[in-house]
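Trainee: Attaching a single structure in structure tokens format; questions to follow.
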Protein chains: 2
Amino acid sequence: MIQFSSRMNLLKGSAIRELLALANKPEVLSFAGGMPAPELFPVEKVKAATDAVMDEMGQVALQYSSTDGFLHFREQIAARMGAKNNIKTDASHILVTSGSQQGLDYSARVFVNPGDVIILESPSYLGALNAFKACEPTFVTIPTDENGMIMEELEKVLATTENVKMIYVIPDFQNPSGRTWPLDRRQKFMEIVNKYEIPVVEDNPYGELRYEGDDMPALKSMDTKGLVVFLGTFSKILAPGYRLGWVCADGEILQKYNFMAQAAALQASTEAQLVVSKFIDMYDLDEHVAAIKDCYRKRRDVMVQTMEKEFPPEAKFTHPNGGLFTWVELPDYIDTKVMAQECLKRNVAYVPGDGFFPDEGHNNCIRLNYSCMSEEKIIKGMTILGEVIKENIKK
Amino acid sequence: MIQFSSRMNLLKGSAIRELLALANKPEVLSFAGGMPAPELFPVEKVKAATDAVMDEMGQVALQYSSTDGFLHFREQIAARMGAKNNIKTDASHILVTSGSQQGLDYSARVFVNPGDVIILESPSYLGALNAFKACEPTFVTIPTDENGMIMEELEKVLATTENVKMIYVIPDFQNPSGRTWPLDRRQKFMEIVNKYEIPVVEDNPYGELRYEGDDMPALKSMDTKGLVVFLGTFSKILAPGYRLGWVCADGEILQKYNFMAQAAALQASTEAQLVVSKFIDMYDLDEHVAAIKDCYRKRRDVMVQTMEKEFPPEAKFTHPNGGLFTWVELPDYIDTKVMAQECLKRNVAYVPGDGFFPDEGHNNCIRLNYSCMSEEKIIKGMTILGEVIKENIKK
């Protein structure tokens, strides 16, 4: 009889992916995924960049390459982190990964033995929970408010918890809540982390997608002790189809990630790295990001306005200043998994919130994505969702 | 102080990759890597296939896609396995991976807890050893002869060893030895495996690169109990730069690999899958493989002939019927790691054999690759290597 490893008891199909399969029908208004708007992909420019790569260095693009990644591409990434995240770094501190999901997987594998503690925000990113589960950790969650992680609670946990090996946070436009940590929280966080010297994984897929207000410095930019591992990605600012992300970390930590990458994957796609690198050389990625932001800002506005109009007062939701998601909290007695089925019957899909918590309960939340539906569909979808929520409110 | 997981104690830089960095200088004749000949890459055709994908379905190519892989691509893979490996399967039994290194990583993670036994050929593929080490297994090796794994030894081990969770084999043109199992060994192997019902990972990156003799049926084609996991790749028959491989397995096993892939990577590159799929639709991949084989066959002939002429009689080596490698055994008193430095001084590089064994010793072997150096360079390199070996032979 075939036996599987104990980690496989923890890994099940992702709730989002199963729901996405159902939500994939053309007639469904889906707010379930986290996908970029495909109509904004710069297909013609990508084609021209690919042609240039094939003409100039086709044999290199199709061959094996180094584990850490193509040097010029890592230089471009380092420069972008300087410009966008205030992080002074260079190519020698970057490892290119096959999407930042791979960076999440490597993170747990580098730091965590079975039973060790990973600290997370509550809620946190479902895909990260799933990646970390493969290392059979103990999750400890820190409560959040409208400004993200509550630092007093973090300090209490660190003062009383053994075997904390990693803290995972998404300080900018968090998935799922859409919340962003203000500067004072970031400073307080680094103070606490420096005291306890615990490695931090700062996941930043959405930081460049800010629709108003000032950019916040990345935690990595305040990191004086080399404790912060920064995960970045091209999925939201260019295209997820290439699966290109990166890890930025210091000395010994980055070396361990490189060893992990050698063992698990050898390297990220040479072709994808050269094409995205060439795209950045040939075109203005900032201009492209500006176009994405214009579109998503409007969609967010339409979504939040429609929710304000159509949702009952019992439904609380976040007003994100950036990113792809808003987060809805309904009265405790509503089970959003059950309600998701009612919505699907009316061709509206969302992700129930419980998957974003490692612990039981939390059945009254919803994550809504506004990046990949038109304004018209957002209005229609939020109106239907508002009706369904109202039907579920007890009089 | 930062603590790393216990698996990181086992993961070091790959000896091959470190040596490749040294061997990368243009003046070095390198037989160290396992790279395809870049001058054979069909760059113009790949460019045309990419252009067609961008024109016809650019938005799809740049977007997220399903974990298991693009359906038409999986159908093409299944059809190819039928034609080349005698494996009757279909798209529902395929998971597309980012290179077959990822398939190796997933294999150990699906089946192996720390301390569990993985059975391997002695020697076995260095990259597989490295991938498996991340799961902290116990390795048990089975001796091989010129026809691969010795089945009586396998049976002895299985009869007396507990907690065997996986058997890893490369029956076709093995890396590093170049050896291929004949039919009767394959039949005996499946008989034994069926008796003990242990999952088998059959790694087959080189099977299509046969230079003479008849194709052997894959173990997976003889698998009546759903025990064999077949790993395939486009790295050697088309291009490694895309990082595209696949897993073919039955029912529950494939489901576990899919769960592992969701957690660790979400999916392989959508763009790479669509481009390679389009290439297969637009062109004749068999014709391309035939051209590769013509080139490698000649290079193998030149290498083996030069070795026969220039190596002393104390050096024993394999005469592979396919694949990319030949394997040299020298007298026990020669340390090929030390000799590698002497060779590098004379601008010749190879991989010392000890890295292909999980146990200590085995310091007298060499792996030689003939796929990515010209015939002229092979003659020159093997002549120099022969001289160095002769200098190391005790009179």
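Trainee: I'd like to know if the stretch A:323-330 contains one or more residues that are over 26 Å from A:Pro182 (Cα atoms) and within 21 Å of the chain's Cα centre (by Cα).
Mentor: Of the residues in the stretch A:323-330, the ones over 26 Å from A:Pro182 (Cα atoms) are none.
Looking through the stretch A:323-330, none of the residues is over 26 Å from A:Pro182 (Cα atoms) and within 21 Å of the chain's Cα centre (by Cα).
Trainee: Please count how many residues of the stretch B:108-124 are in contact with a strand residue (DSSP E or B) (Cβ under 7 Å, 6 or more places away or on another chain), surrounded by fewer than 24 Cβ atoms within 10 Å (Cβ to Cβ) and within 14 Å of chain A (Cβ to nearest Cβ).
Mentor: So the answer is 3.
Trainee: Same structure, new question: Going by what's in this entry, would B:Asn163 be described as modelled with pLDDT under 95, assigned by TED's automatic domain parsing to the domain that holds B:Ala218 and not hydroxyl-bearing (Ser, Thr, Tyr)?
Mentor: On the way: modelled with pLDDT under 95: no; assigned by TED's automatic domain parsing to the domain that holds B:Ala218: yes; not hydroxyl-bearing (Ser, Thr, Tyr): yes.
So B:Asn163 fails the test.
Trainee: Does B:Glu146 qualify as being touching a residue at least 40 places away in the same chain (Cβ under 8 Å) and over 16 Å from B:Tyr196 (Cα atoms)? First the steps, then the outcome.
Mentor: Numbers: touching a residue at least 40 places away in the same chain (Cβ under 8 Å): yes; over 16 Å from B:Tyr196 (Cα atoms): yes.
Answer is yes for this residue.
Trainee: Name the one entry in B:Asp214, B:Asp203, B:Asp223, B:Asp250 that is outside the structural domain of B:Ala37 (by TED's automatic domain parsing) and free of Cβ contacts under 8 Å to residues at least 12 places away in the same chain. I'd like the intermediate steps shown before the answer.
Mentor: Values: B:Asp203 fails: free of Cβ contacts under 8 Å to residues at least 12 places away in the same chain; B:Asp223 fails: free of Cβ contacts under 8 Å to residues at least 12 places away in the same chain; B:Asp250 fails: free of Cβ contacts under 8 Å to residues at least 12 places away in the same chain.
On inspection, the qualifying residue turns out to be B:Asp214.
Trainee: I've got another one for you. Tell me, please, whether a residue that is touching a Leu at 6+ places or on another chain (Cβ under 7 Å), on the phi < 0 side of the Ramachandran plot and in a helix (DSSP H, G or I) can be found in the stretch B:231-246.
Mentor: yes
Trainee: Could you please let me know if A:Ala21 is assigned by TED's automatic domain parsing to the domain that holds A:Met222 and over 19 Å from A:Asp284 (Cα atoms)? Lay out the reasoning, then the answer.
Mentor: Details: assigned by TED's automatic domain parsing to the domain that holds A:Met222: no; over 19 Å from A:Asp284 (Cα atoms): yes.
No, not satisfied.
Trainee: State all residues of the stretch B:90-120 that are within 14 Å of B:Phe234 (Cα to Cα) and of a type in the set (Phe, Trp, Tyr); if no residue qualifies, say none.
Mentor: Across the stretch B:90-120, there are no qualifying residues.
Trainee: Would you tally the residues in the stretch A:52-76 being among the charged types (D, E, K, R) and surrounded by 17 or more Cβ atoms within 10 Å (Cβ to Cβ)?
Mentor: Filtering the stretch A:52-76 for residues among the charged types (D, E, K, R) gives A:55-56, A:68, A:74-75.
In the following step, the residues that additionally are surrounded by 17 or more Cβ atoms within 10 Å (Cβ to Cβ) were identified as A:68, A:74.
Qualifying residue count for the region: 2.
Trainee: Also: Answer yes if at least one residue in the stretch B:255-273 is more than 30 Å from A:Ser5 (Cα to Cα), touching a residue at least 24 places away in the same chain (Cβ under 8 Å) and either crowded, with 24+ Cβ neighbours inside 10 Å or at the interface with chain A (Cβ under 7 Å from one of its Cβ atoms) (or both), and no otherwise. Working first, answer last.
Mentor: If we filter the stretch B:255-273 for residues that are more than 30 Å from A:Ser5 (Cα to Cα), which is where we start, we get B:271-272.
This time we only want the ones that are touching a residue at least 24 places away in the same chain (Cβ under 8 Å), so: B:271-272.
So of that shortlist, the ones also either crowded, with 24+ Cβ neighbours inside 10 Å or at the interface with chain A (Cβ under 7 Å from one of its Cβ atoms) (or both) come out as B:271-272.
Looking through the stretch B:255-273, at least one residue is more than 30 Å from A:Ser5 (Cα to Cα), touching a residue at least 24 places away in the same chain (Cβ under 8 Å) and either crowded, with 24+ Cβ neighbours inside 10 Å or at the interface with chain A (Cβ under 7 Å from one of its Cβ atoms) (or both).
Trainee: Please work out which one of (1) out of contact with any Cys (no Cβ under 9 Å at 6 or more places or on another chain); (2) in a helix (DSSP H, G or I) is the condition B:Ala108 fails and give its number.
Mentor: So B:Ala108 meets the others, but not (1).
Trainee: Please list, ordered by first then second residue, the pairs with beta carbon atoms under 8 Å, 6 or more apart or interchain, first in the stretch B:336-348 and without any contact (Cβ under 8 Å) to a residue 40 or more places away in the chain, second part of a helix (DSSP H, G or I) and surrounded by fewer than 14 Cβ atoms within 10 Å (Cβ to Cβ).
Mentor: Close Cβ pairs (under 8 Å, with a partner that is part of a helix (DSSP H, G or I) and surrounded by fewer than 14 Cβ atoms within 10 Å (Cβ to Cβ)) do not exist here.
Trainee: Continuing with this model, one more query. Given the criteria over 26 Å from the mean Cα position of the chain (by Cα), of a type outside the set (Ser, Thr, Tyr) and either surrounded by fewer than 17 Cβ atoms within 10 Å (Cβ to Cβ) or farther than 22 Å from B:Leu22 by Cα (or both), does B:Pro320 qualify? Steps first, answer last, please.
Mentor: Working: over 26 Å from the mean Cα position of the chain (by Cα): no; of a type outside the set (Ser, Thr, Tyr): yes; either surrounded by fewer than 17 Cβ atoms within 10 Å (Cβ to Cβ) or farther than 22 Å from B:Leu22 by Cα (or both): yes.
Considered against the rule, which asks whether it is over 26 Å from the mean Cα position of the chain (by Cα), of a type outside the set (Ser, Thr, Tyr) and either surrounded by fewer than 17 Cβ atoms within 10 Å (Cβ to Cβ) or farther than 22 Å from B:Leu22 by Cα (or both), B:Pro320 comes out as no.
Trainee: Quickly run through the stretch B:242-252 and pick out the residues that are at the interface with chain A (Cβ under 7 Å from one of its Cβ atoms) and either surrounded by fewer than 23 Cβ atoms within 10 Å (Cβ to Cβ) or farther than 10 Å from B:Ser98 by Cα (or both). Let's see the steps before the verdict.
Mentor: Step one: of the stretch B:242-252, the residues at the interface with chain A (Cβ under 7 Å from one of its Cβ atoms) are B:242-243.
Of everything in the stretch B:242-252, nothing turns out to be at the interface with chain A (Cβ under 7 Å from one of its Cβ atoms) and either surrounded by fewer than 23 Cβ atoms within 10 Å (Cβ to Cβ) or farther than 10 Å from B:Ser98 by Cα (or both).
Trainee: Which of the residues belonging to the stretch B:380-395 are touching an Asp or Glu at 6+ places or on another chain (Cβ under 9 Å), in a helix (DSSP H, G or I) and not small (Gly, Ala, Ser)?
Mentor: Once the filter is applied, which keeps residues that are touching an Asp or Glu at 6+ places or on another chain (Cβ under 9 Å), in a helix (DSSP H, G or I) and not small (Gly, Ala, Ser), the stretch B:380-395 yields B:Met382, B:Thr383, B:Ile384, B:Leu385, B:Glu387, B:Val388, B:Ile389, B:Lys390, B:Glu391, B:Asn392.
Trainee: Condition first: aliphatic (A, V, I, L, M) and surrounded by fewer than 14 Cβ atoms within 10 Å (Cβ to Cβ). Now tell me which residues in the stretch A:283-295 satisfy that.
Mentor: Quick first cut of the stretch A:283-295, residues aliphatic (A, V, I, L, M) only: A:285, A:289-292.
Residues satisfying the conditions are A:Ala290, A:Ala291.
Trainee: Something else: Could you count how many residues in the stretch A:98-107 are of a type outside the set (D, E, K, R) and at the interface with chain B (Cβ under 8 Å from one of its Cβ atoms)?
Mentor: Of all residues in the stretch A:98-107, those of a type outside the set (D, E, K, R) come to A:98-104, A:106-107.
Add one more test, that the residue is at the interface with chain B (Cβ under 8 Å from one of its Cβ atoms), and what stays is A:98-99, A:101-102.
Number of matching residues: 4.
The values are calculated or read from the model by the stated rules, or taken from the named source; none is laboratory data. Computed from a predicted model, the values in this text were never measured in an experiment. Cβ sites come from the backbone with ideal geometry, for glycine too, and all protein chains shown count toward neighbours.
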